[in-house]
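Colleague: Shown below is the structure under consideration.
Derivation of every value follows stated rules applied to the coordinates shown; laboratory data play no part. What you see is a predicted model; the values in this text were computed from it and never measured. As a convention, Cβ positions derive from the backbone with ideal geometry for all residues, glycine included, and neighbour counts pool all protein chains shown.
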Amino acid sequence: MSITLRVIITIICIAVLLFGVGYWGFHVEPKPYDPFPGSTPNLSTVPLPSGLPAPVERFYRTTVGDRIPVIETGASSLHGEMRMFGLRLPLRLRAVQQVGQGYYQIIEPTFFGRPMVTWLDTFWNGSAHVDMPPGIPDNDPKMNQASNLAMWAACTPTIFLTDPRVRWEPIDQTHARLVVPAPAGTDSFTVAFNAQTGLMQYMEALRWKDRADAAQRMWRFTFLEWERSGGLLLPTTYSATWEGEQPWMQVHKDESLYNVDIQPFITAHSR
């Protein structure tokens, strides 16, 4: 065998090995986060309001009954995957939220279960900061709108009845409009409910995808799985999709706490 052929075979073998290692590394689930400090206390409740659109009332009676828990803060740890630059990247995510006001979240794509990079994504005082992708200026109006919609979609659904700034409007027996506050006034989602179970299927809204876009695109936040915890039936698996594309992110909640102290997390990750 000639030296040239041996070199070619060696290069091919190394390339196949590297591809196999890379493929394996991107299919190892992320290492879980340590438990978030604290625990969910007993939650105060308010009565289910009257006059809700039919599918909305059915949804709340199915998930929480006729008393609505008042949730002010949330802390979640999640894992899943995202698609970026044509690649499927496993990720883990830890987020805290002042419900209906703002959030801080850490997004970490992983390789062999370990973080490769840490991105900070925040929406606070009406201003968005996004590390992913780099180069987006803080407090950009389009990104503020996009982050605000993401915040409301990821809220525990009880906030849609306990926040006086939010209102439901009827559409039909399986859809309703959800109007939420926004940095520039209000914004709205169309919310679809499953005709058999009564649970939310998805929320969708026109949202800015990129600062360079001339028009908003339809964005859908889909609820894939629900689990009962502490007497509440809550969503645990979600996906986010831009119209005409495959889901760009799907995550599953590993831990959720409510009405806990989130300030130490915010202080530790503020920049």
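Colleague: Considering every Cα-Cα pair within the chain, what fraction, in whole percent, is farther apart than 33 Å? Mind dumping the intermediate values first?
Modeller: Details: 9504 of 36585 pairs.
Across the chain, Cα pairs with separations above 33 Å total 26 percent.
Colleague: Consider a paramagnetic label point 7 Å from the Cα of Glu243 along Cα→Cβ; state which residues of the stretch 173-203 have an amide N under 14 Å from it.
Modeller: Once the point is set 7 Å along Cα→Cβ of Glu243, 189-190 turn out to lie under 14 Å by backbone N, inside the stretch 173-203.
Colleague: Additional query: Which value in Å is the Kirkwood Rh of the stretch 101-225 over different Cα pairs?
Modeller: 15.9
Colleague: Taking the dipole about the Cα centre of the stretch 31-269, with the C-beta of Lys and Arg at +1 and of Asp and Glu at -1, give me whichever of Gln97, Thr158, Ser147 is farthest to the positive side.
Modeller: Thr158
Colleague: How would Glu81, Glu255 line up from fewest to most surrounding beta-carbon atoms within 10 angstrom?
Modeller: Working: Glu81 21, Glu255 14.
The fewest-first ordering by Cβ neighbours comes to Glu255, Glu81.
Colleague: Out of His269, Pro170, Pro69, whose Cα points farthest toward the positive end of the dipole of the stretch 31-269 (charges: +1 Lys, Arg; -1 Asp, Glu; placed on Cβ)?
Modeller: Pro170
Colleague: Hey, which lysines would be in cross-link range of Lys31, C-alpha to C-alpha under 26 Å, not counting anything within fewer than 8 residues on its own chain?
Modeller: Lys253
Colleague: Hey, quick one: spin label on Ala182, modelled 7 Å out along Cα-Cβ, who in the stretch 235-251 has an amide N within reach, i.e. under 19 Å?
Modeller: The answer is 241-243.
Colleague: Fewest first, what order do Phe193, Phe85 take by the number of other Cβ atoms within 10 Å?
Modeller: Values: Phe193 23, Phe85 6.
By the 10 Å Cβ count, ascending, the order reads Phe85, Phe193.
Colleague: Given points 7 Å out from each Cα along the Cα-Cβ axis, report the Arg114 to Arg165 separation in nanometres with one decimal.
Modeller: Result: 4.2 nm between the two label points.
Colleague: With only alpha-carbon atoms counted, please give the Rg and Dmax of the stretch 74-153, in Å.
Modeller: Rg then Dmax for the stretch 74-153, in Å: 12.8, 37.
Colleague: Still on this structure: Using the count of nearby Cβ atoms within 10 Å as a rough guide to exposure, how do Lys142, Lys253 rank from fewest to most?
Modeller: Details: Lys142 17, Lys253 20.
Lowest to highest Cβ neighbour count: Lys142, Lys253.
Colleague: When the Karplus curve 6.51 cos²θ - 1.76 cosθ + 1.60 is applied with θ = phi - 60°, which whole-Hz ³J(HN,Hα) does each residue of the stretch 117-125 get, with x for Gly and Pro?
Modeller: 8, 10, 10, 9, 10, 9, 9, 9, 6
Colleague: Also, I was wondering about something else. Which of the lysines could a cross-linker bridge to Lys209, judged by Cα under 21 Å and excluding same-chain residues fewer than eight apart?
Modeller: Straight-distance partners of Lys209: Lys142.
Colleague: Moving to a separate point now. In terms of modelled amide H atoms, which long-range or inter-chain residues lie less than 5 Å from the amide H of Asp254?
Modeller: For Asp254, the qualifying residues are Ser77, Leu78, His79.
Colleague: So between Asn139 and Gln98, what do we pick up on full extension, going 0.36 nm a residue minus the alpha carbon distance? Display every interim value, and only then the final one.
Modeller: Working: separation 41, 0.36 × 41 = 14.76 nm, distance 1.85 nm.
Extending this stretch completely gives an extra 12.9 nm.
Colleague: Can you run phi through the Karplus equation (6.51, -1.76, 1.60; θ = phi - 60°) for the stretch 191-197 and list ³J(HN,Hα) in whole Hz, with x for Gly and Pro?
Modeller: 10, 9, 10, 5, 5, 8, 8
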